[in-house]
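Okay, structure first, notes after.
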Amino acid sequence: MASGATALLVLAGAVGLAATPAAAAGVGTEPVSSYTFNSAPGDYIGQGGTGSYKAPRANVVAENPAAFDPGLIRVWVSDEDVTWTIEFAGARGELLKPGVYRNAERTAFRTGRSPGLSVGGDGRGCNEVHGQFTVNQVAHDAEGTVTLLDATF
């Protein structure tokens with residue numbers, strides 16, 4: 001994602017994963033799972049476009065897919081037309097917590113103390129990553145299942 005795409009991903013709640021960023025949540029606001037992106041011109045993955053996916057029309061699901069890498073959170077976003085996959089990870093062996101993660105490397109190949117970020121959609125994905133992401137909120141239940149993730153990249 002070296003070419004300047006930006007995105008907002010918000011999810012929370014058990015299994016169904018629905019959330020609203022704390023700053024945007026007002027009294028009586030219902031949680032919602034969503035993924036919104038704005039891709040810069042020339043960006044290979046987003047093709048210079050924009051998109052917004054929101055439950056219940058789109059499926060937005062997060063998981064911790066690897067017991068050996070508990071800091072990895074993978075998010076699947078899909079609707080009738082496209083599927084997006086976004087991975088966020090802290091340094092190996094560290095859980096994600098709120099903060100800015102600079103010098104991110106491709107998640108599967110991150111080294112040393114580097115965080116991980118990978119984004120793919122519509123058959124296109126990251127081969128090289130140079131960037132950062134911000135985790136605004138993240139929470140897990142007692143079993144380690146992601147129950148809240150509010151992140152931008």
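Worth pointing out:
Each row is one residue, and each column tells you yes or no for (1) over 18 Å from ASP141 (Cβ atoms); (2) at pLDDT below 90; (3) among the charged types (D, E, K, R); (4) in contact with a Pro (Cβ under 6 Å, 6 or more places away or on another chain).
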| residue | (1), (2), (3), (4) |
| --- | --- |
| GLY16 | no, yes, no, no |
| VAL27 | yes, yes, no, no |
| ASP43 | yes, yes, yes, no |
| VAL77 | yes, no, no, no |
| ILE86 | yes, no, no, no |
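- When region 81-117 is limited to residues that are surrounded by 13 or more Cβ atoms within 10 Å (Cβ to Cβ) and among the basic types (Lys, Arg), the one that is nearest to ASN127 (Cα to Cα) turns out to be ARG106.
- Filter result for ALA62 (loosely packed, with under 15 Cβ neighbours inside 10 Å and at pLDDT below 85): no
- Number of positions in region 85-103 that are outside any loop (DSSP other than H, G, I, E, B) and more than 10 Å from the chain's Cα centre (by Cα): 5
- Test: residue in region 114-131 that is in contact with a Leu (Cβ under 7 Å, 6 or more places away or on another chain) and more than 26 Å from THR50 (Cα to Cα): no
- Within region 65-78, being farther than 16 Å from LEU117 by Cβ and not in a strand (DSSP E or B) holds for ALA67, PHE68, PRO70.
The values are calculated or read from the model by the stated rules, or taken from the named source; none is laboratory data. Please read these numbers as outputs of a predicted model, since none were measured by experiment. So basically every Cβ, Gly included, is an ideal-geometry build from the backbone, and we count neighbours across all protein chains shown.
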